[in-house]
Amino acid sequence: MTKVSVELSENEAGRLEETARSLGLRPADLARAAVSDLLGHPQEDFENAAQRVLRENGELYRRLS
């Protein structure tokens, strides 16, 4: 298994922890399930989701580059 590190804002990390706790999961397990679910969708769905994320976070990505 390969490890992947993802940076989350404090708000995102808190929401991940709260959601995981409410489902009786560890945050890492919820994140893994979410990524697995996203990658399990047809390519078109993934590309639409990726484009939406890039569009919504474009300014942040510009600042980070």
Compute the distance in nm between two label points, each set 7 Å from the Cα along the Cα-to-Cβ direction, one at Glu44 and one at Met1.
3.4
Explain nothing, just the number: dipole magnitude of the chain about its Cα centre with +1 on each Lys and Arg Cβ and -1 on each Asp and Glu Cβ, in debye rounded to the nearest 20.
160
HN-Hα couplings for the stretch 10-15 via Karplus (6.51, -1.76, 1.60; θ = phi - 60°), in whole Hz with x for Gly/Pro, come out as 4, 4, 4, 4, x, 5
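Multiply the residue separation of Ser9 and Ser22 by 0.36 nm, subtract the distance between their alpha-carbon atoms, and state the gained length in nm to one decimal.
Numbers: separation 13, 0.36 × 13 = 4.68 nm, distance 1.98 nm.
This chain segment gains 2.7 nm when fully extended.
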Heavy-atom accessible surface of the chain: percent carbon and sulfur, 1.4 Å:
53
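The values are calculated or read from the model by the stated rules, or taken from the named source; none is laboratory data. Not measured: the values here are computed from a predicted model. With ideal geometry, Cβ positions are generated from the backbone for all residues, glycine too; neighbour counts draw on all protein chains shown. Ligands, DNA and RNA are stripped out before the accessible areas are found, and what is left, the full protein with its side chains, is counted by its heavy atoms. Shrake-Rupley method; radii C 1.70, N 1.55, O 1.52, S 1.80 Å.
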